[in-house]
1. Given the criteria more than 16 Å from ligand 2 (Cβ to nearest atom), open to solvent by less than 30 Å² (accessible area, probe 1.4 Å) and at pLDDT 95 or above, does A:PHE189 qualify?
2. Going by the structure shown, is A:TYR224 within 14 Å of chain B (Cβ to nearest Cβ) and either buried (at least 20 other Cβ atoms within 10 Å of the Cβ) or assigned to a loop (DSSP other than H, G, I, E, B) (or both)?
3. Of all residues in region A:370-389, which are at pLDDT below 90 and either of a type in the set (A, V, I, L, M, F, W, C) or assigned to a loop (DSSP other than H, G, I, E, B) (or both)?
4. Show me the strands (runs of 3 or more DSSP E) entirely contained within region B:1-80 in which 2 or more residues are farther than 30 Å from B:THR207 by Cα and at pLDDT 95 or above.
5. Which one of these is more than 25 Å from the chain's Cα centre (by Cα) and within 11 Å of ligand 1 (Cβ to nearest atom): A:LEU154, A:LEU62?
6. Output the residues belonging to region A:41-58 that are farther than 17 Å from B:HIS253 by Cα and within 9 Å of ligand 1 (Cβ to nearest atom).
7. Within region A:179-194, track down each residue that is in contact (Cβ under 8 Å) with a residue 40 or more places away in the chain and either within 12 Å of ligand 1 (Cβ to nearest atom) or more than 20 Å from the chain's Cα centre (by Cα) (or both).
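The values are calculated or read from the model by the stated rules, or taken from the named source; none is laboratory data. Worth saying up front: this structure is predicted, and the values here are computed from it rather than measured. FYI the Cβ positions are ideal-geometry reconstructions off the backbone, even for glycines, and counts take in every protein chain you see. Only protein heavy atoms, including side chains, enter the accessible area calculation; ligands, DNA and RNA are left aside. Shrake-Rupley method; radii C 1.70, N 1.55, O 1.52, S 1.80 Å.
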Amino acid sequence: MKIHEYQAKEIFKKYGLPVPRGIVAHNAHEAECAAKELGTPVVVVKAQVHAGGRGKAGGVKLAKSPEEAGKIAAEMIGNRLKTYQNPEGLPINCVLIEEGVNIDKEFYVGLTLDREVSRPVFMVSAAGGMEIEEIAKTNPELIIKEHVDPAIGLLPYQARKIAFKIGLTDRKLVSQFAKILMTLSKMYFDLDASLIEINPLVKTKEDNFICLDAKIDFDDNALYRHPDIQELEDTTQIDPLELEAKKWDLNYVRLDGNIGCMVNGAGLAMATMDTIKFYGGEPANFLDVGGTATVERVAAAFRLLLSDPKVKAIFVNIFGGIVRCDRIAGGIIEAAKQVELDRPLIVRLEGTNVELGRKMLEESGLNIIPAKDMADGAQKAVEAAKGEL
Amino acid sequence: MSVLVNKNTKVVVQGLTGKEGSFHAKQCLDYGTQIVAGVTPGKGGLIWKDDEGKYEVPVFNTVEEAVKETGADASLIFVPPAFAADAIMEAADAGIKLIVCITEGIPVNDMVKVKRTLEGTGVRYIGPNCPGIITPEECKMGIMPGHIFKKGRVGIVSRSGTLTYEAAYQLTMRGIGQSTVIGIGGDPVPGTTHREAVEMFNNDPDTDAIVLIGEIGGTMEEEAAEYIKENVEKPVVAYIAGVTAPPGRRMGHAGAIISGGKGDAKSKMEALREAGAYVCNTPAEIGEMMEKALKERGLL
Ligand SMILES: Nc1ncnc2c1ncn2[C@@H]1O[C@H](COP(=O)(O)OP(=O)(O)OP(=O)(O)O)[C@@H](O)[C@H]1O
Ligand SMILES: [Mg+2]
């Protein structure tokens with residue numbers, strides 16, 4: 001689960017990390033008042049959306065007066081911000097008005113799981129800021145990496161080692177920096193984060209460190225033990241269809257094509273998309289109905305696919321293991337009763353209770369095009385979407 | 001022969017009395033798996049019976065007791081996500097050397113801690129979020145539909161459950177049997193990796209060839225490719241899912257920095273091709289490709 005920068009900064013503050021003073025504003029008037037209240041000669045207006053790369057996309061702007069802050073806020077709020085990390089864009093419902101900080105140097109600090117060694121890893125660089133991904137590509141040696149032992153957390157010597165490696169020498173700065181890293185490590189485990197990122201962590205002209213940006217992602221599987229974090233969710237930042245899918249515990253991602261897919265298992269779902277594309281079609285979505293699909297959930301998945309007007313044909317590809325084919329068949333029949341089935345439906349069933357499942361579909365009186373295997377089903381779906389079947 | 005499990009494997013099922021545990025334990029028993037004990041804290045002393053009354057299995061409060069009383073040497077775990085990491089460590093502590101965890105949705109940090117705790121203990125654990133492991137016609141420790149597998153000499157290792165079934169079924173339909181099939185699971189912190197599974201198959205005299213099924217994310221397939229290049233003479237047929245998967249809508253930069261360009265389907269396929277594997281474009285080709293590979297090497 002993602003949260004906004006201003007929410008992440010509130011969490012940072014609770015942990016004693018240095019963040020700029022800031023106030024959230026939902027309209028121009030609030031923004032102007034916030035800037036007045038902060039009282040600094042320069043304030044920064046920051047669009048609050050669940051994506052990075054805002055600076056490059058015009059979502060982070062300086063204002064030299066409260067009036068200007070209000071004007072910028074008015075331009076941002078109510079519009080969508082398109083960034084390279086989210087090309088479709090996300091709605092801006094509020095902005096963070098923040099005191100302007102005198103930047104001397106920008107550092108990058110990231111903490112996330114390194115799947116290669118199954119431990120969290122700190123990635124730190126003295127070349128932080130908006131170009132960090134470019135730098136990671138062209139000068140990977142400028143990124144310092146240090147793994148964290150999950151049994152004991154980051155150790156002080158590791159934090160100091162990173163500080164020295166990125167070129168800090170001043171004792172006060174080294175100890176400030178090390179303390180920030182130690183805190184992040186604790187926070188990562190306390191909160192079951194999957195990512196904590198400060199880009200940039202800034203050294204000010206007054207020789208202090210301050211977190212100018214803050215991003216935290218949480219592990220969805222662990223949210224059950226963090227009800228306070230769950231409350232921070234902003235559903236306006238999630239695609240409405242994906243949100244509906246989430247309600248039913250379905251793993252759904254909307255795409256641009258016209259063949260709706262319903263598959264069990266993430267791997268098979270991706271493979272189904274690959275196969276459709278291999279035969280010249282375009283999948284409209286990724287949809288994994290998961291391992292414990294009930295009739296209700298399968299029906300919900302089906303309604304979801306039919307609600308997308310782009311979808312010209314639907315390909316159901318199920319290999320039943322834990323999900324038995326009769327349950328899937330039941331879901332399809334149930335859903336077809338609820339929604340008008342106005343588009344071709346190609347079904348490929350295999351696995352546990354397959355005979356029963358196939359029989360149920362046949363006897364349902366529904367107009368279903370059976371497929372003998374995955375390749376056959378994908379080809380038929382491609383033809384059907386072109387109106388050639 | 002086979003790897004990890006065979007007809008002598010004695011299984012304790014943790015979470016036997018739950019809904020999923022009961023359902024799948026019965027399927028395993030029907031397949032011929034020796035399930036000798038169940039563990040559900042608080043239900044010790046109970047005798048578990050399946051819904052048809054065909055089987056009876058004693059239930060214990062702890063894995064330690066179950067091992068002592070029944071000699072169980074492998075554990076199959078169905079407990080809910082919040083308690084699954086604890087269950088794995090309990091099994092390991094009781095001396096179980098093979099643990100298969102089916103549970104889906106375990107917090108990542110829990111598995112990071114499990115991995116750390118079991119490092120160097122010699123315990124082999126598989127999963128979580130996996131279909132389990134099967135040595136056809138001998139032992140099924142998992143949730144896969146048993147009838148699609150056939151005894152034989154091809155090893156399969158896969159991250160995805162349903163793709164495992166897809167591959168096994170295609171082989172079986174062509175009369176090509178399997179030595180052992182390992183579903184290592186789709187979680188970011190798996191107990192057993194592709195490389196480790198490939199190594200086991202490579203060292204197994206009764207496995208002639210290997211099917212490796214991977215997907216985007218992480219670098220397990222690249223690591224396996226490196227191992228294959230150096231050590232494996234047996235034919236390897238590979239498929240990687242996710243060529244067309246769009247880049248996720250992300251928030252931070254860490255993901256892009258850490259992967260350093262690795263982890264996408266194309267680079268995985270390239271690494272495997274370079275290691276000498278037969279790489280399939282779609283999963284529908286796996287059976288055909290294996291038949292061709294076995295014929296080329298005079299193994300069929
Ligand atoms: N309070 C502030 N005072 C001065 N400059 C700031 C302030 N906040 C942000 N900036 C500048 O704006 C840039 C972009 O802001 P920020 O990092 O918060 O957003 P972003 O572009 O979404 O981040 P990223 O590129 O890491 O995804 C920063 O690198 C920094 O140079
Ligand atoms: Mg930033």
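1. Against the criterion (more than 16 Å from ligand 2 (Cβ to nearest atom), open to solvent by less than 30 Å² (accessible area, probe 1.4 Å) and at pLDDT 95 or above), A:PHE189 does not qualify.
2. In short, no.
3. Passing the criteria: A:LYS372, A:ASP373, A:GLY387, A:GLU388, A:LEU389.
4. B:34-39, B:47-49, B:56-60
5. Selected residue: A:LEU62, the only one of A:LEU154, A:LEU62 that is more than 25 Å from the chain's Cα centre (by Cα) and within 11 Å of ligand 1 (Cβ to nearest atom).
6. A:VAL42, A:VAL43, A:VAL44, A:LYS46, A:ALA47
7. Result: A:ILE180, A:LEU181, A:THR183, A:LEU184, A:SER185, A:LYS186.
Residues checked against (1) farther than 15 Å from A:VAL298 by Cβ; (2) open to solvent by 70 Å² or more (accessible area, probe 1.4 Å):
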residue: A:ASP326; (1), (2): no, no
residue: A:ALA329; (1), (2): no, no
residue: A:ALA336; (1), (2): no, no
residue: A:ASP342; (1), (2): yes, yes
residue: A:ILE346; (1), (2): yes, no
residue: A:GLU350; (1), (2): yes, no
residue: A:GLU363; (1), (2): yes, yes
residue: A:GLN379; (1), (2): yes, yes
residue: A:GLY387; (1), (2): yes, no
